[in-house]
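See structure below.
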Amino acid sequence: MENWQAFISILTFISVIILVMTEWVNLTIAALLGALLLVFTNVMTLEDAVSYIGNSHGTLGLFFGVMVLVRAFEPTKIFEYLATQIVILAKGKGNRLLLGIVGITTPICAVLPNATTVMLLAPLIPPIAEEVGVNFVPLLILMVFVANSAGLLTIVGDPATFIVGDAINISFTDYLWRLSLGGAIAIIIIVAILPLLFRKIWKTKLENLEQLPHPQINHPRVLTIGGFIVAFVLVFFVAGEYLPVPVSPAAVALLGAALAMLLSHQSKIDTVNNILRDVDWSTLIFFMSIFVLIGGLEKTGVINSLSGLLAAILGKNIFIGSLSLVFFIGLLSSVVPNIPLVVAMVPLLKQYVVNVGLAPTEVLAQNFQGQFPPEVLPLFYAMMFGATLGGNGTLVGASANIVAAGIAEQHGRRISFKTFLHYGLPVMLLQLIGSALYMLFRFLL
């Protein structure tokens, strides 16, 4: 690698993260300028940049499809109606509302990607908060915490766990047996600190439920047909990749979006232009730019050099290495979105275990379908826990966080980096400690 190119890619990446953290520049603008700087300094060509974005087509397609799907049914007022029903079920009590958000989000995130779940459920939060009389930003942040944590319950619950699990060829059932309890512990930690973290909302109580607005569902026939479209999408999210001809979640989401737009257009409840205009383009552009920035680090050899550094520091000590990775990846994932982080870290970790002689060189092959040596698996499990739970630390740590921030802005409020950090830092640290203890007793002692 050219030293000056590596220097520029590192400096650009760090500068973007600093701009996002300090909020001197809008996070989308900061990431886009950073990506373009790599192109204009010839660290990578425009073709290279587009190819790195293309490598993440699944993530981008999934986000775009679900955004369109949710927006297409907004004129039916279904989100306002469901929000009122949730407040009534919680009997207007803040503590029940917080527990309800945990209870609703957890099982869905066990089978759907967490960012997808946030896209589906987050539109309910602003009207709920308005009816109870509280700020909806903490409720959105809680949903993100639960979504990120519950993603550890199954291998398909979080893109980061799926990417790592697929790299080491772990099956769905093996994941349940070995790692799901760690995800349950992460959820329990959130529930335990709810009264402290969201003290004001926990104590809130709506005295007169009769004063709640009772929105009526518009276009019930359209909504009924839309329900079949959503059911189709959810079923094929889970089952699509197990069909004789596999269908990816991104393809399913895009098909669902196209059907939803067709329904809205033909029923004249909305126009295609209005739906597409309201898509959260800033979130999509942010992710595309981050993928380019990570690609710059990979192309210039920075990531490969880090694998050698890892080998020099850890040697063959899996015990220290696994516990260190939980915290190292966790802290890194709090400032680097976890999807591109694990995409970059998986080959780094594979190269490390080969370099120190703990795994054969065959594991480096893209089409390797065999089993990894059992003694190195805790390293990859540690990366799963760190990447997923570290995403709870800051606003840019996980895709679900960025999605929630975009939805908040659409409803007239902004989730600042500082606000998210206030809630996220204690949650992340407690969960990383809990995960390290689980790793210690489950795999290392």
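The values are calculated or read from the model by the stated rules, or taken from the named source; none is laboratory data. Quick caveat, the model's predicted, so the values are computed rather than measured. A quick note on method: Cβ atoms are made from the backbone with ideal geometry, for glycine too, and the neighbour counts reach across all protein chains shown. Heads up: the accessible areas ignore ligands, DNA and RNA and are worked out on the full protein's heavy atoms, side chains in. Shrake-Rupley method; radii C 1.70, N 1.55, O 1.52, S 1.80 Å.
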Practice item. Having 1 or more residues that are open to solvent by 60 Å² or more (accessible area, probe 1.4 Å) and touching a residue at least 12 places away in the same chain (Cβ under 8 Å) is the bar; report the helices (runs of 4 or more DSSP H) wholly within region 218-287 that clear it. Key: 220-239, 249-267
Review point. What residue, among those in region 338-383 that are charged (D, E, K, R) and under 21 Å from LEU179 (Cβ atoms), is surrounded by the most Cβ atoms within 10 Å (Cβ to Cβ)?
Key: LYS350
Practice item. For region 33-46, enumerate the residues that are within 27 Å of the chain's Cα centre (by Cα) and either over 14 Å from SER289 (Cα atoms) or not aliphatic (A, V, I, L, M) (or both). Key: GLY34
Point to revise | Selected residue (criterion: least open to solvent (accessible area, probe 1.4 Å)) from residues of region 39-58 that are aliphatic (A, V, I, L, M) and within 24 Å of SER248 (Cβ to Cβ) | key: ALA49
Check your understanding: Has region 14-23 got any residue that is buried (at least 21 other Cβ atoms within 10 Å of the Cβ) and at pLDDT below 80?
Key -> yes
Check your understanding: Got a sec? Which of LEU62, LEU36, LEU11, LEU32 is open to solvent by 80 Å² or more (accessible area, probe 1.4 Å) and among the aliphatic types (A, V, I, L, M)?
Key -> LEU11
Exercise for review: Please enumerate the residues belonging to region 298-340 that are under 19 Å from PHE13 (Cα atoms) and modelled with pLDDT under 75.
Suggested key: ILE303, ASN304, LEU306, SER307, PRO337, ILE339, PRO340
Review point. Pairs, please: C-beta under 6 Å, at least 6 apart or cross-chain, first residue farther than 15 Å from ILE125 by Cβ and in contact (Cβ under 8 Å) with a residue 40 or more places away in the chain and in region 406-431, second open to solvent by 70 Å² or more (accessible area, probe 1.4 Å) and in a helix (DSSP H, G or I)?
Key: PHE417/MET21
Exercise for review: Might you check whether a residue that is part of a helix (DSSP H, G or I), free of Cβ contacts under 8 Å to residues at least 12 places away in the same chain, more than 17 Å from ALA31 (Cβ to Cβ) and acidic (Asp, Glu) occurs anywhere in region 356-367?
Suggested key: yes
